[in-house]
Number of protein chains: 2
Amino acid sequence: MKVGFMQFSPLFGRKEENVERVINSLRGAKADLLVLPELFSTGYLFLNEEELRRSAEPISDGLTVSKFLELAKKENTNLVFGIAERADNKLFNSSVLVTAKGECFVYRKLHLFDREKRLFSPGDKELEVFDIGEAKVGMMICFDWIFPEVARSLALKGADIICHPSNLILPHCQDAMVTRCLENRVFAITSNRTGTEKRRKEEFTFTGRSQIVDPKGRVLAQANAEEEKLCIIEIDPLLAKDKKVTPNNHIFEDRRTDFYLW
Amino acid sequence: MKVGFMQFSPLFGRKEENVERVINSLRGAKADLLVLPELFSTGYLFLNEEELRRSAEPISDGLTVSKFLELAKKENTNLVFGIAERADNKLFNSSVLVTAKGECFVYRKLHLFDREKRLFSPGDKELEVFDIGEAKVGMMICFDWIFPEVARSLALKGADIICHPSNLILPHCQDAMVTRCLENRVFAITSNRTGTEKRRKEEFTFTGRSQIVDPKGRVLAQANAEEEKLCIIEIDPLLAKDKKVTPNNHIFEDRRTDFYLW
């Protein structure tokens, strides 16, 4: 199975350009699953809810989702990408999975980071796992990484691969995702953005280092902090079915849930 | 507050020698909290339950616990150390906290690693947190690290410092403990052993690299893979009371427990 990420620096507020740029890069990529960054089509640093609302799109007929549904079918691939979602009157920081079959699934970020709380509503949907044929896929977004319950919930629900669109600015996530993979024996694809956004007095530099980690905690591929990179590698998703750390230790069956406080 | 670990290579089955050696090293150390490795007084590689039973000791009047209770009072310190515990007919891989006030608390390893399942009973006591004045202390042992629920439970119960006696042979724990500290905003003291034990056909080499990590994921001190080392540093345990990752993100209050499968 061929999986990958695309790391790049979206241009703030220029949705059509960002979407076209990615589509041009992904055409002919021949991957089974590709992950894009969080909010990849809009950029990150919205000044206020009004501005966000103008950029946000509904799942049903938004520009990004429509174009990517078309791309997924044409390229016979599955795509995961972060968008600003408008649903009724609410705005969500969402990750969308569009499949080669034309399906479309959404995850809404459960744990909003810092200033996102002023802009978005917190996620209101279950953590779900989706079968794309070769593997079962779960989604989480950026800051969700710091809550071990997210990856754990996805893994317990059967995820083989966690797709993790990100706009990271803190330095710890990439290493922590190795822990997430080890403790759940899953793959994780963190697709982070690069570049700097400056708006009024705020300036954010995103840390790149997108990566693919396997269930034994091996970093199979990693971009550097600044490059634009489409990275596709071959993995064996069946590795994520083997939950045994040793012949006597099954990472789920060994859990002592009676003793856990949560 | 002065906290530390002692990393060394216990001699298999020579309890009195191991205990005396540690006592001689700790005398005059002037620490508030010191952590020793897992099974530090007996060694690790028991051939069978019979052999383990002969080395194991009851909490009430065992040699290791008695000597360390005395030491803790005399040195006005708090000590955490791993022993083979005999309780009624059962054998546990336990961690003991003896305090300067003469108290004695026990944690029994919840997650037994590999061959330990042939020797020990799994832990049957709650994860607890103990107030030693300067800080609240929780205990976990070695392989417990791979289950995020353990450190999470201790942190939710108020632990400022997680004491982590270990006999590590896998390479990932030290990095993963950085994640445990970050995700719970606590200190962790991993006291690992060094050296090789060979008994019949089995040979284990322990990986050292004992360490102290702070709530921001900074490795404040780390031994190398082989040295014998008593390491004591000054920390501010109040740092563990600050659960804010950003002004808008409280690591516990932000949890979306309704959405977790755990």
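The values are calculated or read from the model by the stated rules, or taken from the named source; none is laboratory data. This one's a predicted model, so the numbers in the text were calculated from it and none came from an experiment. Cβ atoms come from the backbone with ideal geometry, glycine included; neighbour counts cover every protein chain shown. SASA here: full protein model, heavy atoms, side chains in, ligands and nucleic acids out. Shrake-Rupley method; radii C 1.70, N 1.55, O 1.52, S 1.80 Å.
Figures for the structure shown
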{"quantity": "222 nm mean residue ellipticity, helices alone, for chain B (DSSP H n ≥ 4; -39,500 (n - 2.57); rounded to 500)", "calculated": "-6000 deg cm²/dmol"}
{"quantity": "DSSP bridge orientation in segment B:2-259 - percent antiparallel, rounded to nearest 5", "calculated": "70 percent"}
{"quantity": "Among the listed pairs A:K15/A:K157; A:K15/A:K125; B:K67/B:K109; B:K117/B:K241; B:K73/B:K125; B:K15/B:K117, those beyond 28 Å (Cα-Cα)", "calculated": "A:K15/A:K157; B:K117/B:K241"}
{"quantity": "Vicinal HN-Hα couplings computed from phi for segment A:81-95 (Karplus, 6.51 cos²θ - 1.76 cosθ + 1.60; Hz; Gly/Pro x)", "calculated": "7, x, 9, 7, 9, 10, 9, 6, 9, 9, 10, 10, 8, 10, 10"}
{"quantity": "Alpha-carbon spread of the protein assembly as shown, three principal axes, descending order, Å", "calculated": "74, 49, 37"}
{"quantity": "Cβ-Cβ FRET estimate between B:D61 and B:N24, R0 fixed at 30 Å, reported to 0.05", "calculated": "0.85"}
{"quantity": "Burial of 50 Å² or greater, segment A:111-130 residues [accessible area, probe 1.4 Å, versus chain by itself]", "calculated": "A:D114, A:K117"}
{"quantity": "7 Å along Cα→Cβ, label-point gaps from B:D61 to other copies, nm, shortest first", "calculated": "8.5"}
{"quantity": "Positive-pole candidate from B:Q211, B:S191, B:F259, dipole of segment B:185-262, charges at beta carbon", "calculated": "B:F259"}
{"quantity": "Rounded to whole Hz, the Karplus (6.51, -1.76, 1.60) HN-Hα couplings of segment B:70-80, x for glycine and proline", "calculated": "4, 4, 4, 5, 4, 8, 6, 9, 10, 10, 10"}
{"quantity": "With every protein chain in place, segment B:2-259: carbon and sulfur % of accessible area (1.4 Å)", "calculated": "45 percent"}
{"quantity": "Accessible area expressed per residue, the protein assembly as shown, with surrounding protein chains retained (probe 1.4 Å, Å²)", "calculated": "37 Å²"}
{"quantity": "Phi to ³J(HN,Hα) by Karplus 6.51 cos²θ - 1.76 cosθ + 1.60 over segment A:251-259, Hz, x for Gly, Pro", "calculated": "4, 9, 5, 7, 4, 10, 4, 5, 9"}
{"quantity": "For residues of B:247-258, the mean tally of beta carbons on other chains within 10 Å", "calculated": "4"}
{"quantity": "Amide H within-cut-off set for A:A221, under 5 Å, with H built and near neighbours excluded", "calculated": "A:I212"}
{"quantity": "DSSP beta bridges in the protein assembly as shown [antiparallel fraction, %, rounded to 5]", "calculated": "70 percent"}
{"quantity": "Estimated dipole of segment A:2-259 in Debye, rounded to 20 [Cβ of Lys and Arg +1, of Asp and Glu -1, Cα centre]", "calculated": "160 debye"}
{"quantity": "Computed label-point distance, nm, for sites A:D124 and B:E17 using a 7 Å Cα→Cβ extension", "calculated": "6.9 nm"}
{"quantity": "Other-copy label distances relative to A:E103, 7 angstrom Cα-Cβ extension, nm", "calculated": "5.3"}
{"quantity": "Accessible area (Å², 1.4 Å probe, nearest 10) - A:I232", "calculated": "50 Å²"}
{"quantity": "For the protein assembly as shown, size of Cβ-based charge dipole, Lys and Arg +1, Asp and Glu -1, in debye", "calculated": "240 debye"}
{"quantity": "At 0.890 mPa s and 25 °C, Stokes diffusion of chain B via Kirkwood alpha-carbon radius, µm² per second", "calculated": "134 µm²/s"}
{"quantity": "Threshold 30 Å², segment B:159-200 residues less accessible with all protein chains present than alone (1.4 Å probe)", "calculated": "B:H172, B:T179, B:L182, B:E183"}
{"quantity": "Label spacing, shortest first and in nm, from A:D236 to its equivalents in the remaining copies (7 angstrom along Cα→Cβ)", "calculated": "5.1"}
{"quantity": "Difference of contour (0.36 nm per residue) and Cα-Cα distance, A:V219 to A:K74", "calculated": "49.2 nm"}
{"quantity": "Surface accessible to a 1.4 Å probe, A:L47 within the full protein complex, Å²", "calculated": "50 Å²"}
